[in-house]
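All remarks here apply to the structure that follows.
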Amino acid sequence: MGYQVFISFKNTENNEFTQDRQVSEELYNYLESRGIKTFYSNVTLLDYGEAQYKEVIDDVLDEVKVMVVVGSKKEYITSKWCKYEWHTYQQNILSNIVEGSIVTYLGDMEISEVPTGLRHYQSFKLNQSSIEVIGEFVVRAVNGKGQFVEGKNSQVQKGIPAKNNLGLVNEFGEKKASYYDSTFSGEYKRLKIQGEAMRPSDMKGVNYVKEQLKDTETVYILDAGCGYGVVGRDRFADFSNKVIIGIDISDAVLEKARELNDDENAHYEKVDLLSSNFDEEIEMIMGKYKIKKFDVVFGAYVLQHIKDPLKALRNLRTCLSEDGYVIFRQSDEGTYIAYGDDGLVRKICERYLNAPGIDDRFIGRKMFHYLEATGYKNIKVFGTFINTSSMGYDDRMALYKMRFSLRTMYYQKELAKNPNNTIVKNDMEWMNSALDKLQEVFGSPSFWFGETMLVSVARKTDIK
Ligand SMILES: C[S@@+](CC[C@H](N)C(=O)[O-])C[C@H]1O[C@@H](n2cnc3c(N)ncnc32)[C@H](O)[C@@H]1O
């Protein structure tokens, strides 16, 4: 039959068409106009009898990639056919009959009114999101734009820049702030492990830049989002004449960075990369250390935590010398591959994308565009593949810790704000038990995991 989307809704009440039918019809028209074959179950089918209706529905539910549940009222979503449709489809997803996802388009209702089975899916509000917004979301989900499109994530879709819009704002016009906190318990240790593991990958970018700057007498380096400063100092350790200025937004982290600092040519100062007065603030600091311009801006895993990475990139240009370089290490979960985990890695990544205040897990692939859109030139992206095949138990555990252990922070932060949020509570419980299981899996020699680490390098201006 070739259907791609199924719209589930209640058609009539007291022999009158419901408001949901109208909405569903509009969505149907929108999706069809965008070339998406959509099943919009209507009354005609039911005229043939329930058995026949069910047969057709079952066949369609075996093939569609996305189901949209439209429901202005709780009674509508739980009405006989509507419930049959979403419940059957959900069972199909859970038993891997289809690789699909559910999107809800709901009226004003308390979360407790939404049937439990529908609570964890991407949801749009009937009175807040237009047909175009949800329609476009569904189109992108069907077309597989985004790594985990079959799952329940919205962030992948939101995070990927729309066409002709290099991520200045995502297609829903939102910019997200991350709940990431480098002072979170255990984070210093995790960052340290990460810093060590990322060394070979970072050095591809650093060595390339070092070669370009071989005639520069003293290299002035800005470590943007320096955290504890350890990584920045390590990467530039063998630059003979250098000054490193580490900047970060967190006082607590900076305090610790100063405490750990063992290099008289490294200094740590507070600056927000998104500050509207960034140029003035950084100039003050440059004045303090008698720096005219920076030759290198280094940023390790910082842009993904920032609401507006493009603004940060624009800001950073202002203190970079004309022939200076930027080096950014950014992750991309789309590069993760695993076998022997029964899909657990993928499920954890998918579920995590729904965590509140999550950072951009797919920024790695966007860096080329981001740099281009903010005027940088000679952009190069280096990749380093790491995998567990040659790792002993301890290294595999370290890799697990580095890549997965952090994933309850976001739920904990949200719960601290709102302890009664049962959805977040449930998600956190799910994540905790999934992570326990994954840690066990990482310890098993027959499990294999690999990922590509990405480092982007660019010059402020073209090489003349
Ligand atoms: C994942 S940590 C990485 C730290 C360090 N680069 C490393 O590799 O260990 C990200 C750092 O970016 C900092 N950060 C986040 N938003 C920032 C902003 N707007 N301006 C400056 N620093 C920021 C955080 O405080 C945190 O220390």
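Every number in this text was worked out from the coordinates using simple rules, so none of it is lab data. Since the model is a prediction, treat every value here as computed from it, not as a measurement. Backbone-built Cβ (ideal geometry, glycine too); neighbour counts: all protein chains shown.
Per-structure values
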{"quantity": "Extension gain from residue 293 to residue 99, taking 0.36 nm per residue of separation minus the Cα-Cα distance", "calculated": "64.7 nm"}
{"quantity": "Along each principal axis, Cα extent of the chain, largest first, Å", "calculated": "84, 45, 40"}
{"quantity": "Spin-label proximity, residue 270 to the range 225-241 - amide N less than 19 Å from point 7 Å beyond Cα toward beta carbon", "calculated": "225-229"}
{"quantity": "Estimated dipole of the chain in Debye, rounded to 20 [Cβ of Lys and Arg +1, of Asp and Glu -1, Cα centre]", "calculated": "880 debye"}
{"quantity": "FRET efficiency, residue 240 to residue 395 (Cβ-Cβ, R0 41 Å, nearest 0.05)", "calculated": "0.80"}
{"quantity": "Distribution of pairwise C-alpha distances over the range 5-144, 10 Å bins, in %", "calculated": "12, 47, 37, 5"}
{"quantity": "Longest to shortest principal axis, alpha-carbon extents of the range 60-122, angstrom", "calculated": "31, 21, 15"}
{"quantity": "Cβ-Cβ FRET estimate between residue 119 and residue 91, R0 fixed at 22 Å, reported to 0.05", "calculated": "0.85"}
{"quantity": "Acute angle (nearest 10 degrees) that the helix 251-260 long axis makes with the longest principal axis of the chain, alpha-carbon atoms", "calculated": "40 degrees"}
{"quantity": "Using alpha-carbon coordinates, inclination of helix 131-142 to the longest axis of the chain, degrees", "calculated": "80 degrees"}
{"quantity": "Cα-Cα separations in the range 346-464 greater than 20 Å, expressed as whole percent", "calculated": "57 percent"}
{"quantity": "Selected from 64, 139, 101, residue furthest toward positive end of dipole (the chain; charges at beta carbon)", "calculated": "139"}
{"quantity": "Cα long-axis angle, helix 278-288 against the chain (0 to 90 degrees, to the nearest 10)", "calculated": "20 degrees"}
{"quantity": "Approximate spin-label separation residue 464-residue 283, in nm, with each point projected 7 Å along Cα-to-Cβ", "calculated": "2.4 nm"}
{"quantity": "Inter-label distance, nm, simple model (7 Å from Cα along the C-beta direction), residue 379/residue 203", "calculated": "2.7 nm"}
{"quantity": "Three principal axis lengths of the range 187-459 [C-alpha, angstrom, descending]", "calculated": "54, 44, 37"}
{"quantity": "Reach of residue 210 by Cα under 21 Å, taken over lysines that are not fewer than 8 positions away in the same chain", "calculated": "242, 292, 293, 377, 380, 460, 464"}
{"quantity": "Residue exposure sequence - 461, 218, 452 - by fewest surrounding Cβ within 10 Å", "calculated": "218, 461, 452"}
{"quantity": "Relative contact order %, the chain, counting alpha carbon pairs below 8 Å whose residues are six or more apart", "calculated": "14 percent"}
{"quantity": "Cα-centred dipole magnitude for the range 187-459, charges only on beta-carbon of K, R (+1) and D, E (-1), debye, nearest 20", "calculated": "420 debye"}
{"quantity": "Sequence of 448, 86 once ranked by neighbouring C-beta atoms within 10 Å, starting from the fewest", "calculated": "448, 86"}
{"quantity": "Fewest-first sequence of 425, 210 by Cβ atoms within 10 Å of each Cβ", "calculated": "425, 210"}
{"quantity": "Residues residue 342 and residue 422, FRET efficiency given R0 of 25 Å [Cβ-Cβ distance, rounded to 0.05]", "calculated": "0.35"}
